[in-house]
Amino acid sequence: MSTAKTMEVIKVSPDYNWFRSTVPLKKIIVDDDDSKVWTLYDAGPKSIRCPIIFLPPVSGTAEVFFQQILALTGWGYRVISLQYPVYWDLMEFFDGFRKLLDHLQLDKVHLFGASLGGFLAQKFAETTHKSPRVHSLILCNSFSDTSIFNHTWTANSFWLMPAFMLKKIVLGNFAKGPVDAQMADAIDFMVDRLETLNQSELASRLTLNCQNSYVEPHKIKDVAVTIVDVFDQSALSSEAKDEMYKLYPNARRAHLKTGGNFPYLSRSAEVNLYIQIHLRQFHGTRYAAISPEMINAEELEVQESSLNHSSDDDQ
């Protein structure tokens with residue numbers, strides 16, 4: 001098998017092609033600066049006013065959550081996956097994201113954030129705590145303090161660096177250590193997605209990722225949180241993970257034995273199950289992310305998956 005072929009396992013998969021052919025990509029401008037374009041997929045019943053929104057890591061685009069979009073919309077959820085415009089400053093990002101939610105006529109939402117996406121989700125919940133826009137958080141391989149990357153001193157110079165150097169910085173955080181076939185496919189897909197990002201997209205995301213900032217959890221203590229992390233090699237240190245547990249002592253914990261940096265691609269069935277379990281607590285409320293008539297069928301499926309999952313763990 002040639003390298004080009006192996007590189008594109010996910011890209012040529014029937015699931016990915018079905019996703020690309022059935023879910024339209026939208027571009028939305030909410031700022032006065034029309035170069036700031038939000039790119040997103042919005043799938044599932046539009047009658048749902050509190051959907052789950054997926055925020056990608058530095059290297060990700062809106063496509064990286066295609067497995068979640070396909071599975072969750074199949075169960076009756078409304079799912080939005082997006083990628084960010086070029087914002088160089090956290091407050092500018094929050095202002096733009098708030099305008100996007102207003103444009104989509106969404107009062108409150110559930111946020112799933114991976115790595116940088118999880119940090120932005122926490123900070124957005126914190127910034128809007130007086131007039132809450134975030135009903136719950138799912139934080140996947142995420143962090144609460146940018147100082148863990150030891151890049152805060154260079155954060156203001158990313159904009160000067162050429163794209164190849166920025167890509168090198170990002171790729172340095174990809175897999176170290178052993179990976180299985182699914183994890184290797186996930187890394188290849190993320191490398192492919194990384195290649196589609198231009199210099200200012202990458203530089204601005206790295207700037208947000210490394211600007212000196214940390215989460216103040218007392219402001220979001222009423223937000224339901226699930227922390228999804230993996231026990232094998234990932235870009236996050238065990239100290240960063242422990243810090244997240246300390247910040248959210250009441251959070252549900254969803255542990256994956258393996259999965260690397262991108263478990264939403266490499267362990268999508270398990271991650272989807274954890275997302276469903278998290279969202280079930282809001283069924284029957286005005287913050288449900290699922291269509292009411294789909295709840296019974298979805299409940300049965302979750303129970304079945306949970307049973308299968310626990311029997312797999314026992315083996």
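The values are calculated or read from the model by the stated rules, or taken from the named source; none is laboratory data. Since the model is a prediction, treat every value here as computed from it, not as a measurement. Quick reminder, even Gly has a Cβ in these numbers, built from the backbone with ideal geometry, and neighbours come from all protein chains shown. Accessible surface is based on the protein model in full, side chains and every heavy atom, while ligands, DNA and RNA are left aside. Shrake-Rupley method; radii C 1.70, N 1.55, O 1.52, S 1.80 Å.
Antiparallel versus total DSSP beta bridges in the chain: what percent is that, nearest 5? Intermediate results must be reported in sequence, preceding the final value.
Numbers: 11 of 34 bridges.
Of those bridges, close to 30 percent are antiparallel.
So with the 1.4 Å probe, I'd like the accessible area per residue for the range 62-176, rounded to whole Å². Working shown, then result.
On the way: 4050 Å² over 115 residues.
About 35 Å² of surface per residue is accessible.
Compute the FRET efficiency between ASP180 and SER213 as 1/(1 + (r/R0)^6), taking r as their Cβ-Cβ distance and R0 = 35 Å, and round to the nearest 0.05. Don't skip to the answer; put the middle values down first.
Working: r = 35 Å, r/R0 = 0.99.
So, using R0 = 35 Å, E works out to roughly 0.50.
Going highest first, how would you order 133-143, 66-76 by mean Cβ packing within 10 Å? Please list the in-between numbers first.
On the way: 133-143: 24.7, 66-76: 20.8.
Final packing ranking: 133-143, 66-76.
When only C-alpha pairs under 8 Å and at least 6 residues apart count, what is the relative contact order of the range 1-117, in percent?
Reported relative contact order: 31 percent.
What full-extension length gain, to one decimal in nm, is calculated for SER35 and ASN198 as 0.36 nm per residue of separation minus the Cα-Cα distance? Spell out each step's value before the answer.
Numbers: separation 163, 0.36 × 163 = 58.68 nm, distance 1.35 nm.
Net length gain for the segment: 57.3 nm.
Label the range 171-281 by shape, choosing from rounded, prolate and oblate, from the square roots a ≥ b ≥ c of the eigenvalues of the Cα gyration tensor; if a/c is under 1.5 it is rounded, and otherwise prolate applies when a/b is larger than b/c, oblate when it is not.
On the way: a/c = 1.76, a/b = 1.20, b/c = 1.47.
The shape class here is oblate.
If packing is taken as the mean number of other Cβ atoms within 10 Å per residue, what is the order of 191-201, 259-269, highest first? Walk me through the intermediate numbers first.
On the way: 191-201: 15.6, 259-269: 24.9.
Result, highest mean first: 259-269, 191-201.
Can you compute the modelled spin-label distance between LYS99 and ARG280, with each label point 7 Å from Cα toward Cβ, in nm?
A separation of 4.0 nm, rounded to one decimal place.
Could you tell me the distance between the Cα centroids of the range 107-141 and the range 38-87, to the nearest Å?
Rounded to whole Å, the Cα centres lie 14 Å apart.
Quick one: pull the percent of accessible area on the range 59-204 belonging to carbon and sulfur, 1.4 Å probe, ligands and nucleic acids left out.
Working: 2900 of 5160 Å².
With neighbouring chains kept in place, the figure for the range 59-204 is 56 percent.
Beyond 19 Å between alpha-carbons counts as too far, so tell me which of LYS46/LYS108; LYS168/LYS257; LYS27/LYS167; LYS11/LYS168 fall in that bin. Could the numbers behind the result be given before it?
Working: LYS46/LYS108 14 Å; LYS168/LYS257 28 Å; LYS27/LYS167 25 Å; LYS11/LYS168 22 Å.
Violating the 19 Å Cα-Cα cut-off are LYS168/LYS257; LYS27/LYS167; LYS11/LYS168.
What number comes out for accessible area per residue over the range 180-251 if the probe is 1.4 Å? Units Å², please.
Numbers: 3210 Å² over 72 residues.
That works out to 45 Å² per residue.
Using a Gaussian network model of the chain with C-alpha springs under 10 Å, which one of THR285, THR127, THR154 is most mobile by mean-square fluctuation?
Highest fluctuation among the options: THR285.
For the chain, calculate the relative contact order in percent as a whole number, restricting contacts to Cα pairs under 8 Å that are 6 or more residues apart.
Values: 533 pairs, mean separation 66.9, N = 315.
Contact order relative to length: 21 percent.
Using the Cα gyration tensor of the range 103-159, with a ≥ b ≥ c the square roots of its eigenvalues, what is the shape: rounded (a/c below 1.5), prolate (a/b larger than b/c) or oblate (neither)?
prolate
Return the distance in nm (one decimal) between the two label points of a simple spin-label model at LYS27 and TRP159, each offset 7 Å from Cα along Cα→Cβ.
Calculated label separation equals 2.3 nm.
Sum up the charges of everything whose Cβ sits under 15 Å from the Cβ of PRO56, counting Lys and Arg as +1 and Asp and Glu as -1, but leave PRO56 out.
Details: positive: ARG193, ARG205; negative: GLU63, ASP192, GLU195, GLU201.
It works out to a net charge of -2.
Relative contact order for the range 14-62 using alpha-carbon pairs under 8 Å, separation at least 6, rounded to a whole percent? All intermediate terms of the calculation are to be shown ahead of the outcome.
Numbers: 32 pairs, mean separation 13.1, N = 49.
Computed value for the range 14-62: 27 percent relative contact order.
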